[in-house]
Structure formats: structure tokens, C-alpha cells
Amino acid sequence: MRVNHLAGERVITGFCRYLDDMIRCDDLRWRFSQRICEIESLR
């Protein structure tokens, strides 16, 4: 979510969602293999 301050008020100017794929690496840590941002709304 993106929030801007306009004329002293907070206004949401956009929001999105992330579609993530993760993999377990040799060091047993999880890492992103892919991240897609789907924009839902922009103002």
C-alpha cells in the first residue's frame, strides 16, 4: 500500500499484492526464487 500526505491528510494512492515463489537453499535458509507484483489500483 502506498500512502501519501496531501493537504495534511493521509491518502492511499495505490495498492498491490505479491505472488512469491520460494526455494530452500543448501544452507537450509528460504529465499525468493521469484516475486511478481500485481498492481490492484493506482490513483
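Below are the figures for this structure:
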quantity: Any hit, segment 6-26, residues being out of contact with any strand residue (DSSP E or B) (no Cβ under 9 Å at 6 or more places or on another chain) and at pLDDT 95 or above; calculated: yes
quantity: Strands (runs of 3 or more DSSP E) wholly inside the chain that include at least 2 residues being surrounded by 10 or more Cβ atoms within 10 Å (Cβ to Cβ), in contact with an Asp or Glu (Cβ under 9 Å, 6 or more places away or on another chain) and not hydroxyl-bearing (Ser, Thr, Tyr); calculated: 9-24, 30-42
quantity: Scope the chain; condition within 14 Å of the chain's Cα centre (by Cα) and of a type in the set (Gly, Ala, Ser); matching residues; calculated: 14, 41
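The values are calculated or read from the model by the stated rules, or taken from the named source; none is laboratory data. Just so it is clear, the structure is predicted and the values come from calculations on it, not from any experiment. Methodologically, a virtual Cβ is constructed for each residue, glycine included, from the backbone with ideal geometry; neighbour enumeration extends over all protein chains shown.
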